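My structure is below; once you've seen it, I'll send some questions.
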Amino acid sequence: MHADVVIVGAGAGGAACAWALASRGVRVLVLESGPWYDPVRENRLHLPDWEQHAFPEGKEYRHAYTFAQMQALNPQWAQLRSWNHNLGQAAGDTRRALKYQHVRGVGGSTLHFVGEAHRLHPAAMRMASRFGVGADWPIAYGELERFYVEAEYLIGVAGPLHDRHRPRSRAYPLPPHAHSYASQRIGSACARLGMSWSPNSLAILSEPWQGRPGCNYCGQCARGCPRADKGSADVTFVAQAQASGRCTVLARCHVTAIVPGDGDRVARVSWVDADGTEHSLRPRALVLACGAVQTPRLLLASANAHAPQGLANESGQVGRHFMETLAWASSALHPDALGSHRGVPSDGICWDFNAPDAIPGIPGGVRFSVGMAEMDLAGPINYARRVASGWGRAHRAAMRNSFGRVLSVASVGEFLPNDGTYIDLDPHARDAHGLALARIHSRIDELELRRLVFMAGKCREILQAAGTAKPFEEFGTYDTFNATHVFGTCRMGSDARHSVVDKDCRSHRWRNLFIVDASVFPSSGGGESPSLTIEALAIRAGAHVRNLLAKREL
């Protein structure tokens, strides 16, 4: 087996980098520890109990990891406790470790994302120099812009005609999805409050694109798309990389060793395939794209005499600056039949508070969007559990009076790095191949709590303006770790003393090592979904690797 570049991980970053290399003449091998997703065989939306099936199911789609002790909850912030009128308040006096919502498989977490395709707010890339918190990116928004365009056109992003927050050199390739009836109600409420409401930019086809069909609006993107109209990495970047004839993707292959060698080069990568056979390769370049939890795990587990603190950890920064998802959602019943279980998830969005200085006295932005599908309130089972009250006939009547009438407003916000939130190796837990598991440490500081108070208050305000009853359920990350977007554990930067990779996603020391996932983000942004920025960075890094290979510098 021969390849110029070995990429570990076939999610957004690994897939985009593979395409950027293979489509321009470089031989690439992609190693993915998870399986291929087969929607014909594995999608459950045709079954009567589809709502009982999360996607993906089975341990093969999940990495094992552990949690360190979570922080105690302070009664001062009791208004941020999660609760439901049927189920009560989230139990305990300590923050609950629920889940890191990742996917292990070809396509990575894009297999179950709801398609949001956002560019980062330019000001969010200058958090330290402009706002005195976090860290700056070593590149400016303008240096990413053309790579954003490449990603948008390969995926087929549907978006609005105008975006006053993020300068564009080219329009979105597809027109935006129309707002659902429920989304229109939220938009009208925002207008009453002096807030904007615009179509969300989505990697979901509003019309056929490059051989893929337009969306059928089943609303269940988070359970996997059976039609390939959602722009997950497997049906976009991976498919086109393989079509070049220069990209091989091996699924169910577990990397067991990355060996630092002489000359500040990674000497070898070893893996075990699905049959248990061991393999080893000496790549000209190695690209890690395993996400902000698994990438630092592999680096820290690769310590040897050449790298005693772990690979690329000369600064001691690998695993540090972990940024998790800061989120809030409020749900309430509307008096009208809205059919709110239908339509594209998160079709409408408000960016008014997305800039880092948009909330007075609280640096870091937030966004607000439609939340019914995100809160899994799109089918009768969860209505029966969480919305309708009573028993017997009373419960049946409540179901009839409530189904399709829920409005949920969701918010995602900036998470600033802190010393208590990081990834290390669990000294007591190992996987089947003997590698220590990643251990997640999490702490929410006061700035995040104050931002959550703002997010919760605004969600409630929007619902009230929409004419709903009082919320029957609220969920937030104050008392529950439930991260979908994670960032920052291999920060990119200009100063090798305080970062892991440079502006081209290349290790400061290790000449043939690159990282192309959200672990390189110096900041999380004010609620933007990270996949498009990951892909733009990966395409940009792929171009750099390609140039270095052409000049025989790798």
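Only the coordinates and a few stated rules stand behind these numbers; no lab work does. These figures come from a predicted structure and were not determined experimentally. Cβ atoms come from the backbone with ideal geometry, glycine included; neighbour counts cover every protein chain shown.
Under the Kirkwood approximation for Rh and a Cα-based Rg, what ratio Rg/Rh is obtained for the stretch 258-300?
The Rg/Rh ratio comes out at 1.00.
Report which label in (1) 143; (2) 154; (3) 135 holds the value of volume of the Cα convex hull per residue in Å³ derived from the coordinates of this structure.
(1)
For Cα pairs less than 8 Å apart in space and 6+ apart in sequence, what is the mean separation divided by the residue count of the chain, i.e. the relative contact order in percent?
This gives 25 percent for the chain.
May I ask you to evaluate 6.51 cos²θ - 1.76 cosθ + 1.60, the Karplus curve with θ = phi - 60°, for each residue of the stretch 178-191 and list the ³J(HN,Hα) values in order in whole Hz, giving x for glycine and proline?
Computed from phi, the couplings for the stretch 178-191 are 5, 5, 5, 4, 5, 5, 4, 5, 5, x, 5, 5, 4, 4 Hz.
Per-residue HN-Hα couplings for the stretch 155-163, Karplus 6.51 cos²θ - 1.76 cosθ + 1.60 at θ = phi - 60°, whole Hz, x for Gly and Pro?
Per-residue couplings from phi come out as 6, x, 7, 9, x, x, 5, 10, 9 Hz.
Once the dipole of the chain is set up with Lys and Arg at +1 and Asp and Glu at -1 on Cβ about the Cα centre, which of MET127, ILE440, HIS341 lies farthest towards its positive end?
Of the candidates, HIS341 comes out farthest on the positive side.
So what does log10 I(q)/I(0) come out to for the stretch 267-380 at q = 0.11 Å⁻¹, using the Debye formula with one equal point on every Cα and no solvent?
-0.71
Let me ask something else about it. Taking neighbour counts of Cβ atoms within 10 Å as a proxy for exposure, in what order, fewest first, do ILE359, ILE515, ILE204, ILE462 appear?
By the 10 Å Cβ count, ascending: ILE359, ILE462, ILE204, ILE515.
With an 8 Å Cα cut-off and a minimum separation of 6 or more residues, compute the relative contact order for the stretch 187-272 in percent.
Taking the mean separation of contacting Cα pairs over the length of the stretch 187-272, I get 15 percent.
What length, rounded to one decimal in nm, is gained on full extension from SER389 through to ALA550, with 0.36 nm per residue of separation minus their alpha-carbon distance?
The SER389-ALA550 span can extend by a further 51.4 nm.
Another question, then. For the stretch 349-456, what percent of Cα pairs sit more than 23 Å apart?
Percentage above 23 Å: 57.
Find, among the GluC sites (Glu not before Pro) in the stretch 47-99, those assigned to loop by DSSP (not H, G, I, E, B) with at most 16 other beta-carbon atoms within 10 angstrom.
For GluC sites (Glu not before Pro) across the stretch 47-99 that sit outside H, G, I, E and B with at most 16 neighbouring Cβ atoms in 10 Å, the list reads GLU57.
Scan the stretch 486-532 for trypsin sites (Lys or Arg not before Pro) in coil per DSSP, keeping those whose Cβ has at most 13 other Cβ atoms within 10 Å, and list them by number.
ARG497
Enumerate by residue number the GluC sites (Glu not before Pro) in the stretch 460-554 meeting two conditions: DSSP loop (anything except H, G, I, E, B), and at most 12 other Cβ atoms within 10 Å of the site's Cβ.
Those that pass, being in a loop and sparsely packed, are GLU553.
Determine, from the Cβ-Cβ distance of ALA496 and THR66 and an R0 of 41 Å, the FRET efficiency 1/(1 + (r/R0)^6), rounded to the nearest 0.05.
0.85
Taking the Cα centre of the stretch 110-221 as origin and charging only Cβ (+1 Lys, Arg; -1 Asp, Glu), how large is the dipole, in debye to the nearest 20?
About 320 debye.
Would you mind estimating how fast the stretch 89-243 diffuses translationally, via Stokes-Einstein at 4 °C and 1.567 mPa s with the Kirkwood radius over Cα pairs, in µm²/s?
My calculation gives 72 µm²/s for D.
Moving to a separate point now. With +1 on each Lys and Arg Cβ and -1 on each Asp and Glu Cβ, and nothing else charged, work out how big the dipole of the chain is about its Cα centre, in Debye to the nearest 20.
Roughly 420 debye for the chain.
While we're on this one: For the stretch 1-159, what class follows from the C-alpha gyration tensor (a ≥ b ≥ c being the square roots of its eigenvalues): rounded when a/c is under 1.5, otherwise prolate if a/b is larger than b/c, else oblate?
Oblate.
Considering only DSSP beta bridges with both partners in the chain, what is the antiparallel share in %, to the nearest 5?
Taking every DSSP beta bridge with both residues in the chain, the antiparallel ones total about 70 percent.
Using only helices, what value at 222 nm comes out for the chain when you add -39,500 (n - 2.57) per DSSP H run of length 4 or more and divide by the total residues, to the nearest 500 deg cm²/dmol?
-6000 deg cm²/dmol
Counting only Cα, what are the radius of gyration and maximum Cα-Cα distance Dmax of the stretch 279-321, in Å?
In Å, with Rg to one decimal and Dmax whole: 11.0, 33.
Among ALA305, VAL287, THR277, whose Cα sits farthest toward the positive end of the charge dipole of the stretch 271-405 (+1 at Cβ of Lys/Arg, -1 at Cβ of Asp/Glu, about the Cα centre)?
About the Cα centre, the residue reaching furthest to the positive side is THR277.
On a full-extension model of 0.36 nm per residue, what is the gain between ARG511 and ARG400, subtracting their alpha-carbon distance, rounded to one decimal in nm?
Gain on stretching ARG511 to ARG400: 33.6 nm.
So, one more: Modelled label-to-label distance, ASN382 and SER188, 7 Å Cα→beta-carbon offset: nm?
Calculated label separation equals 2.5 nm.
Out of every Cα pair in the stretch 401-520, what percent are spaced more than 24 Å from each other?
Summing the P(r) of the stretch 401-520 above 24 Å gives 51 percent of all pairs.
What does the C-alpha gyration tensor say about the overall shape of the stretch 218-331? Classify as rounded when a/c is under 1.5, otherwise prolate if a/b is larger than b/c, or oblate.
In terms of gyration-tensor shape, oblate.
Right, something else. If you place +1 on the Cβ of every Lys and Arg and -1 on the Cβ of every Asp and Glu, how big does the dipole about the Cα centre of the stretch 392-518 come out, in debye to the nearest 20?
Rounded to the nearest 20 debye, it is 540 debye.
Take every Cα pair under 8 Å in the stretch 473-545 that's 6+ residues apart, average their separations, divide by the length, and report that relative contact order as a whole percent.
Relative contact order, the stretch 473-545: 28 percent.
May I ask you to derive the FRET efficiency for GLN76 and LYS99 from their Cβ-Cβ distance with R0 = 30 Å, giving the value to the nearest 0.05?
Between GLN76 and LYS99 the formula returns 0.70.
Right, next: In the P(r) worked out for the stretch 315-389, what percent of Cα pairs fall beyond 21 Å?
Of the Cα pairs, 48 percent sit more than 21 Å apart.
Once label points are set 7 Å from the Cα along Cα→Cβ at both ALA54 and THR277, what is their separation, rounded to one decimal in nm?
The modelled label-to-label distance comes out at 3.5 nm.
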